[in-house]
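Please read the structure below before turning to the comments.
The values are calculated or read from the model by the stated rules, or taken from the named source; none is laboratory data. None of these values were measured; they are calculated from a predicted model. Here the Cβ is made from the backbone with ideal geometry for all residues, glycine too, and neighbour counts use every protein chain on show.
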Amino acid sequence: MNIVKTPDSDLIFWMRGIRRHLHQYPELAFQEYETAFFIGKKLTGLGIYYKENIGKTGIVATIGKQDPNSPCVALRADMDALPLEEQTGLSFSSRTPGIMHGCGHDGHVAMLLGAAAMLQKTSLPGRVVLLFQPAEEGKGGAREMIADGGLEGVEAIFAGHIDRHFKVNEIGVESGLICAYADEFSIQIQSKGGHAAKPHETADCIVVAGLLVMSLQTLVSREVNPSFPSVVTVGKINGGTAPNAIAAQALLQGTIRTTHPNIRETIITGLSRMVKAMENLYQVETTFALTEGYPPVINNPVAAQIAKKAAMDTVGAENVKGLPQPSLGGEDFSFYLKKVPGCLVRFGARKEGLGDVPAHSPHFDFDEDVLPVGAQFLANTALLALERIKELREA
């Protein structure tokens, strides 16, 4: 069985340059035009055929046998950045005000291009599809890629995400649920408003909003089985127009993160109930709206075994870690997994000296030594998956 060797220094330097270029020129969801153009040039340089404008701004490339009946697996990298003002002080910091790669997607693209470079030089027992996907950050770019035929012929799919919780040369692999349901909600509170000196003449939407924020905390602490990780967060509040006026409106927006469908339903029902109770208790008008988010990422057991074997071949068995507790973060890789079996892993990328800086922070950065690890893992996973599909067909 073919196993891809560790990338050489030239390839590592090439990947680092890709990551740093993309970091300087970040683009938001479905606006990744220059990013896609840059990726296309790199693929052309590698002699790899690709299609552009898939899923609006995405790219689908193909390596290996073009026979549509040959085994086929996909590897995916997300391309979009975040609406953050970078504060890392890096020499290659974002040149676009208010936008930065604060989650590592620039690294994901560099890894997949590195894997493509290695696979292009390898004898493949089938076909590898490379998905450079837009709009993972809340816009569901995976759905658009699927709708445009990105998974056509694909029998399994794999990807990885940079993770600061693990050290470089560690890869986290787990079967089953690893990322949560991610839903969003908004609550509109309205009254007629009034003068601050005459509070008895109206209902105060600011007071109601504050009481509602505190009440929502009991949904998880008192209504959810503590064995199931869950979070309800109000992340945004808008209300009022002047310091001497009683607010006629307030808007709360937040997110619900759950790991079980019954718990999800319990929290959504409870949230709606509490909003209605506030309306009756404080004589205001309320509107509750739920936006269904990403479904959970549930790694296929067989695909997870393949990923674990590839991880061991890449970093050694002692550096393959489990993911016993699911992340409450959302990931639109879940949409691919509703169509074909696959596995999402975690690439350790903790940067020494950076401290406990989370993703989606203006201070986010990662250790670039993860780039060759991710590239080698992706290439090895593709090879192992193709071999497994071939074996099953011949059995």
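State which residue is farthest from PHE288 (Cα to Cα) when the search covers only region 169-200 and only residues that are in a loop (DSSP other than H, G, I, E, B) and under 22 Å from the mean Cα position of the chain (by Cα).
Per the stated criteria, the residue is ASN169.
Of the residues that make up region 338-355, is at least one assigned by TED's automatic domain parsing to the domain that holds LEU90, of a type outside the set (Val, Ile, Thr), touching a Cys at 6+ places or on another chain (Cβ under 7 Å) and in contact (Cβ under 8 Å) with a residue 40 or more places away in the chain?
No - not one qualifying residue is present in region 338-355.
Identify, from the list TYR49, TYR33, the residue that is under 20 Å from the mean Cα position of the chain (by Cα) and surrounded by fewer than 16 Cβ atoms within 10 Å (Cβ to Cβ).
Going through TYR49, TYR33 in turn, just one is under 20 Å from the mean Cα position of the chain (by Cα) and surrounded by fewer than 16 Cβ atoms within 10 Å (Cβ to Cβ): TYR33.
Any idea which of (1) surrounded by fewer than 20 Cβ atoms within 10 Å (Cβ to Cβ); (2) modelled with pLDDT of 95 or more; (3) assigned to a loop (DSSP other than H, G, I, E, B); (4) not aromatic (Phe, Trp, Tyr) is the one THR122 doesn't satisfy?
(2)
Out of all the residues in region 136-168, which are farther than 18 Å from ASP80 by Cα and outside any loop (DSSP other than H, G, I, E, B)?
Within region 136-168, ALA147, ALA156, ILE157, PHE158 qualify.
Counting just the residues of region 244-258 that are outside any strand (DSSP E or B) and touching a helix residue (DSSP H, G or I) at 6+ places or on another chain (Cβ under 8 Å), which one comes out surrounded by the fewest Cβ atoms within 10 Å (Cβ to Cβ)?
Here the answer is ALA248.
Within region 18-67, how many residues turn out to be touching a strand residue (DSSP E or B) at 6+ places or on another chain (Cβ under 6 Å), outside any helix (DSSP H, G or I) and not polar (S, T, N, Q)?
14
Here is a check on your reading of the model: is GLU85 surrounded by fewer than 18 Cβ atoms within 10 Å (Cβ to Cβ), assigned to a helix (DSSP H, G or I), of a type in the set (Asp, Glu) and in the same structural domain as ASP365 (by TED's automatic domain parsing)?
Judged against the criteria, GLU85 is not a match.
Can you confirm whether TYR50 is in contact (Cβ under 8 Å) with a residue 40 or more places away in the chain and either under 15 Å from LEU130 (Cβ atoms) or among the hydrophobic types (A, V, I, L, M, F, W, C) (or both)?
Spelling it out, TYR50 is indeed in contact (Cβ under 8 Å) with a residue 40 or more places away in the chain and either under 15 Å from LEU130 (Cβ atoms) or among the hydrophobic types (A, V, I, L, M, F, W, C) (or both).
Is it true that LEU344 is among the hydrophobic types (A, V, I, L, M, F, W, C) and in a helix (DSSP H, G or I)?
no
Kindly list, by first and then second residue, each pair from a residue in region 142-163 that is of a type in the set (Phe, Trp, Tyr) to a residue that is surrounded by fewer than 20 Cβ atoms within 10 Å (Cβ to Cβ), limited to pairs with Cβ atoms under 7 Å and residues at least 6 apart or on different chains.
Once the first residue is of a type in the set (Phe, Trp, Tyr) and sits in region 142-163, no partner that is surrounded by fewer than 20 Cβ atoms within 10 Å (Cβ to Cβ) comes close enough.
So, of the residues in region 1-30 that are farther than 18 Å from LEU131 by Cβ and β-branched (Val, Ile, Thr), which turns out to be farthest from the chain's Cα centre (by Cα)?
The extreme case among them is ILE3.
Which is touching a residue at least 40 places away in the same chain (Cβ under 8 Å), under 30 Å from CYS205 (Cβ atoms), under 16 Å from the mean Cα position of the chain (by Cα) and not in a strand (DSSP E or B), of GLY330, GLY270?
Selected residue: GLY330, the only one of GLY330, GLY270 that is touching a residue at least 40 places away in the same chain (Cβ under 8 Å), under 30 Å from CYS205 (Cβ atoms), under 16 Å from the mean Cα position of the chain (by Cα) and not in a strand (DSSP E or B).
Does GLN283 count as among the polar types (S, T, N, Q), within 30 Å of VAL208 (Cα to Cα) and either surrounded by 21 or more Cβ atoms within 10 Å (Cβ to Cβ) or touching a residue at least 12 places away in the same chain (Cβ under 8 Å) (or both)?
yes
Inspect all residues belonging to region 135-158 and state whether any of them is β-branched (Val, Ile, Thr), surrounded by fewer than 24 Cβ atoms within 10 Å (Cβ to Cβ) and touching an Asp or Glu at 6+ places or on another chain (Cβ under 7 Å).
no
Among (1) in a strand (DSSP E or B); (2) surrounded by 20 or more Cβ atoms within 10 Å (Cβ to Cβ), which single condition is THR314 missing?
(1)
Quick one: is GLY64 without any contact (Cβ under 8 Å) to a residue 12 or more places away in the chain, over 22 Å from the mean Cα position of the chain (by Cα) and closer than 23 Å to GLN376 by Cβ?
For GLY64, the condition - without any contact (Cβ under 8 Å) to a residue 12 or more places away in the chain, over 22 Å from the mean Cα position of the chain (by Cα) and closer than 23 Å to GLN376 by Cβ - is not met.
For VAL109, state whether it is over 30 Å from ILE246 (Cα atoms), among the hydrophobic types (A, V, I, L, M, F, W, C) and either assigned by TED's automatic domain parsing to the domain that holds VAL213 or surrounded by fewer than 24 Cβ atoms within 10 Å (Cβ to Cβ) (or both).
Answer is no for this residue.
Can you confirm whether ASP80 is within 23 Å of PHE366 (Cβ to Cβ), within 17 Å of the chain's Cα centre (by Cα) and in a helix (DSSP H, G or I)?
no
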